[in-house]
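Okay, so here's the structure we're looking at.
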Amino acid sequence: MHQNHAIYKGFRLTAKVARGLQSTDHVSQASGAPVFTAVVEVVPASLQHEDADTYPIPCFVDGGFVYSPAEAVHAAVSHGREIVDALTGFPTR
């Protein structure tokens, strides 16, 4: 099982993964393959989960998806790290 959270530079990053179905035809999604998207919640590690801010993941905003929950978690946590870098003023690049 893939961890859906990480601590990065004092912030807790939590990936919230959603499962959907890829449509094989434009009428019914019932026969489609499972696909996954995610958002990331970012909160200082010292605060409660209820205080987290939720951010969309750019690759999923316009209908993008991945084929495994692990890929969705990776995309969310990676984007969360970029958010923390921007918030703290210490970009990695």
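The values are calculated or read from the model by the stated rules, or taken from the named source; none is laboratory data. These numbers were taken from a predicted model, which means no experiment stands behind them. Here Cβ is always computed from backbone atoms with ideal geometry, including for glycine, and neighbour counts include all displayed protein chains. Ligands, DNA and RNA are excluded from the accessible area calculation, which covers all protein heavy atoms including side chains. Shrake-Rupley method; radii C 1.70, N 1.55, O 1.52, S 1.80 Å.
Look at the range 63-84: where a residue is closer than 14 Å to Val40 by Cβ and a partner is basic (Lys, Arg) and open to solvent by 30 Å² or more (accessible area, probe 1.4 Å), sitting 6+ places away or on another chain with Cβ atoms under 6 Å, you get Val84/Lys9.
Is it the case, given these coordinates, that Gly80 is farther than 24 Å from Leu21 by Cα, open to solvent by less than 20 Å² (accessible area, probe 1.4 Å) and outside any strand (DSSP E or B)? Against the criterion (farther than 24 Å from Leu21 by Cα, open to solvent by less than 20 Å² (accessible area, probe 1.4 Å) and outside any strand (DSSP E or B)), Gly80 qualifies. Of all positions in the range 45-54, at least one carries a residue that is modelled with pLDDT of 90 or more and either open to solvent by less than 50 Å² (accessible area, probe 1.4 Å) or within 14 Å of Ser78 (Cβ to Cβ) (or both). Considering only residues in the range 1-36 that are in contact with a Pro (Cβ under 9 Å, 6 or more places away or on another chain) and among the polar types (S, T, N, Q), the one that is modelled with the highest pLDDT turns out to be Asn4. Considering only residues in the range 79-90 that are at pLDDT below 95 and small (Gly, Ala, Ser), the one that is farthest from Ala38 (Cα to Cα) turns out to be Gly89. Scanning the range 58-85 for residues that are of a type in the set (A, V, I, L, M, F, W, C) and within 17 Å of Arg12 (Cβ to Cβ) yields a count of 5.
Quick one: in the range 55-64, of everything that is open to solvent by 50 Å² or more (accessible area, probe 1.4 Å) and either part of a helix (DSSP H, G or I) or at pLDDT 95 or above (or both), which residue is nearest to Ala6 (Cα to Cα)? Break it down stepwise before answering.
Looking only at the range 55-64, we keep the residues that are open to solvent by 50 Å² or more (accessible area, probe 1.4 Å), and these are 55-56, 58-59, 61-63.
Keeping just the survivors that are either part of a helix (DSSP H, G or I) or at pLDDT 95 or above (or both) gives 55-56, 58-59, 61.
Values: Tyr55: 15, Pro56: 17, Pro58: 19, Cys59: 20, Val61: 22 Å.
In this case the residue turns out to be Tyr55.
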